[in-house]
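Please read the structure below before turning to the comments.
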Amino acid sequence: MRDRVWLGAALLVLLACPGTPAARDFQVGATREEILESFGAPSREQSLRKTGEAVWGPIEEFWSQVPLNSTVEIWAYPVEGGSVELYFIDASERVQGTGFAPEGAVFEADG
């Protein structure tokens, strides 16, 4: 009986602990505040200024939507199977796009 009680308590603790989110948990249109409240601070932040046409990495599919000379602020979060990037163009308060990097992916550029 005592083993069942312990097992039940352990299961409740595991269910109450937040796990690693899934990439689908991050939504285009969410505000910075909503993201911070739900997932905390990003594991990595970066800014890119669009001065050319080509870029490599999780952002490459979204890059065509970024206007020339705009700055993209990138927030990265670890998720199931890799990491998700959230894109904010020109200090936008809302996520305008997302990218996903599978665990172990390596992005290389020519030259």
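Put Trp56, Trp75 in order of accessible area, highest first, and with a 1.4 Å probe you get Trp56, Trp75. Note on Leu36 and Asp90: with the Förster distance fixed at 25 Å, the Cβ-Cβ geometry gives a FRET efficiency of about 0.80. Amide H contacts of Phe100: Glu85, each under 5 Å away and 5 or more positions distant or on a separate chain (H built 1.01 Å from N in the peptide plane; Pro and chain starts excluded).
Largest accessible area first, the listed residues Phe100, Phe26, Phe39 line up as Phe100, Phe39, Phe26 when surface is computed with a 1.4 Å probe on the assembled protein chains. Approximating the spin labels as points 7 Å out from Cα along Cα→Cβ, the Ala22-to-Ser64 distance works out to 2.8 nm.
Per residue, the accessible area of segment 19-64 comes to 67 Å² when a 1.4 Å probe rolls over the protein heavy atoms. Couplings 3J(HN,Hα) of segment 58-75, computed from phi: x, 7, 4, 6, 7, 3, 5, 7, 8, x, 3, 6, 8, 10, 10, 8, 10, 10 Hz, in residue order, whole Hz [Karplus 6.51 cos²θ - 1.76 cosθ + 1.60, θ = phi - 60°; x for Gly and Pro]. The Cβ shell under 15 Å around Gly97 holds other residues with a net charge of -2, Lys and Arg each +1, Asp and Glu each -1.
Scalar couplings 3J(HN,Hα) for segment 85-95, obtained by applying the Karplus form with A = 6.51, B = -1.76, C = 1.60 to θ = phi - 60°, are 10, 10, 10, 10, 8, 6, 6, 4, 7, 10, 5 Hz; x denotes Gly and Pro.
The values are calculated or read from the model by the stated rules, or taken from the named source; none is laboratory data. Values in this document were obtained by computation on a predicted structure and should not be read as measured data. Every residue, glycine among them, receives a Cβ derived from its backbone with ideal geometry; neighbour counts consider all protein chains shown. With ligands, DNA and RNA removed, areas are computed over all heavy atoms of the protein, side chains included. Shrake-Rupley method; radii C 1.70, N 1.55, O 1.52, S 1.80 Å.
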